[in-house]
Amino acid sequence: MNTSERYNRQIILPEIREVGQQKLLKSKVLVIGAGGLGAAVLPYLAAAGVGEIGIVDDDVIEISNLHRQVIYKSSAVGKYKVDESKLMISELNPLIKVNAIPEKLSGKNAISLFEKYDIIVDATDNIFIKYLINDACLVTDKPMVYGSIFRFQGQVSVFNYQNGPTYRCLFPDENAQSLNCEDAGVIGISVGIIGMLQANEVIKMILGIGEVMNGKVLVYSILNNEQQKYDFEKSTNFAMNKEAFEEKYKEVENQVEEISASAILNEIDNHEVLFLDVRNEDEVPKINFKNGIQIPLMNLENEFKKLNPNQTIYVYCQSGIRSKIAVELLQKKEFKNVKSIAGGALAMKQLLKEKVSN
């Protein structure tokens, strides 16, 4: 296939030409998250001819994803996002290499993954993971292309670019709580716009053109099409090396203990334990435990005193992501016997249905 013909419309740009296209083809970009932001980032990087793209995500496609994760088909519900996104962008551009990595990013795999790529794209909606990405970028000296969504507003920035400011310089409070899409709600257009802006930052860095969002954060509102750009400075209050990284994330990951949904079936009538639902009140499926209580994650910081710190508490959300955040929060409040239910309400509902049918 004639590559010049495929990329002709961008090669004729004076800022790109054949030299720039070769830079794109030699570049390697790792995208963390194949959800809403990733669904916008990935096809544009692939179409532009970024030579190697890695996709990290351990999640499967749910029907509620499809209004914003537009690279997936309804028939793909239940399949891994990395596999379906690889299939889609490989069909879009078969000339590039795509690596599907069906893993959760952690302190155990982040450094080894980041070392293989030139640029790291944060397409997540998890605060803990954003700090993890930032710190791994510091250790491996990679730029981090940041994107974030809150309802109708989005943010874009580039951290650790040419030793510039980092995520921690803009957001120094690691313990701050923030709502993700499941909690706050989101419209697909928001993630589409912000994801494309992230892809634009990646392309500019590879080509060495334009002004990279280094030490700046763009805030964009889709309700009124207003945008503001704010400058921020590099802080010297935080340092990170490989040893400090391993110690920090080894400790954090060891703190969050998971328990399988099947393992708690015998506990549903045990009044010595408590089931804590951290989903919003309108989320389904509903699971009614006699020994259960619902406190949405966004309220947990202010309402944790409703809970007994000496009681065994099993925390669940929809699929097992928010529950881990809740466990971390409760552990910081001196709760000792608290565990996250892997797979969340979706896994429990299926097991309870099977138990009844048997």
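Glu257 sits with roughly 90 Å² accessible to a 1.4 Å probe, with DNA, RNA and ligands left out of the calculation. In this Cβ point-charge picture (+1 for Lys and Arg, -1 for Asp and Glu), region 287-330 has a dipole of about 120 debye about its Cα centre.
Within the assembled protein chains, the solvent-accessible surface assigned to Phe152 is about 90 Å², based on a 1.4 Å probe.
Tell me the label only: which of (1) 5, 23, 31, 25, 11, 4, 1, 0; (2) 5, 21, 23, 17, 13, 9, 6, 3, 2, 1, 0, 0; (3) 5, 21, 26, 19, 13, 8, 5, 2, 0 is P(r) over Cα pairs in 10 Å bins from 0, in percent as calculated from this structure? Answer label, from the structure shown: (1). About its Cα centre, the chain has a charge dipole of approximately 500 debye under the convention of +1 per Lys or Arg Cβ and -1 per Asp or Glu Cβ, with nothing else charged. Please work out whether region 23-137 counts as rounded, prolate or oblate from its C-alpha gyration tensor, where a ≥ b ≥ c are the square roots of the eigenvalues and a/c under 1.5 means rounded, while otherwise a/b larger than b/c means prolate and anything else oblate? Taking the square roots of the gyration eigenvalues as a ≥ b ≥ c, region 23-137 is oblate. Each of Ser235, Ser74 has its accessible area taken with a 1.4 Å probe; listed largest first, they run Ser74, Ser235. GNM remark for the chain: springs join alpha carbons under 10 Å apart, and the peak mean-square fluctuation among Asn237, Asn99, Asn280 falls on Asn237. Choose one answer from Asn214, Asn224, Asn126: the residue with the largest mean-square fluctuation in a GNM of the chain with alpha-carbon springs under 10 Å. Greatest mean-square fluctuation among the candidates belongs to Asn224. When the Cα positions of Val19, Ser74, Met205 are compared along the charge dipole of the chain, Val19 comes out farthest toward the positive end, with charges on each C-beta of Lys, Arg, Asp and Glu.
Arrange the residues Glu5, Glu283 by how much accessible surface each exposes, largest first, with a 1.4 angstrom probe.
Glu5, Glu283
For Lys23, the aspartates and glutamates whose Cα comes closer than 16 Å to its Cα, not counting residues fewer than 8 places off in the same chain, are Glu15, Glu52, Asp118, Glu201. Split the accessible area of the chain by element, probe 1.4 Å, and carbon with sulfur accounts for 49%.
As a test of the formula, what do you get for the chain when each DSSP H run with n ≥ 4 contributes -39,500 (n - 2.57) and the sum is divided by the residue count, at 222 nm and rounded to the nearest 500 deg cm²/dmol? Value at 222 nm, helices only: -11000 deg cm²/dmol. Oblate is the label for region 223-297. Its Cα gyration tensor axes, ordered a ≥ b ≥ c, give a/c of at least 1.5 and b/c at or above a/b.
Surface exposure of the chain, expressed per residue as accessible area with a 1.4 Å probe, stands at 49 Å².
From largest accessible area down, sort Ser75, Ser112; use a 1.4 Å probe on the protein chains. Before the final figure, lay out each step's value.
On the way: Ser75 90, Ser112 60 Å².
Of Ser75, Ser112, the descending order of accessible area is Ser75, Ser112.
Label-to-label distance for Glu334 and Leu352 is 3.3 nm, based on points extended 7 Å past Cα in the beta-carbon direction. So which of Lys248/Lys353; Lys286/Lys339; Lys116/Lys234; Lys79/Lys242; Lys116/Lys339; Lys242/Lys305 end up more than 31 Å apart, counting from Cα to Cα? In this structure, Lys248/Lys353; Lys79/Lys242; Lys116/Lys339; Lys242/Lys305 lie more than 31 Å apart at Cα. Solvent exposure of Lys97, expressed as accessible area, is near 110 Å², computed with a probe of 1.4 Å over the protein chains only.
When the GluC sites (Glu not before Pro) in region 88-170 are filtered for DSSP coil states and for at most 14 other beta-carbon atoms within 10 Å of their beta-carbon, the remaining sites are Glu103, Glu115.
Counting only lysines at least 8 places from Lys81 when in the same chain, those with an alpha carbon closer than 19 Å to its own are Lys73, Lys97, Lys104.
The values are calculated or read from the model by the stated rules, or taken from the named source; none is laboratory data. Just so it is clear, the structure is predicted and the values come from calculations on it, not from any experiment. Quick reminder, even Gly has a Cβ in these numbers, built from the backbone with ideal geometry, and neighbours come from all protein chains shown. The protein model used for the area step is the full one, side chains on, heavy atoms only, and it has no ligands, DNA or RNA in it. Shrake-Rupley method; radii C 1.70, N 1.55, O 1.52, S 1.80 Å.
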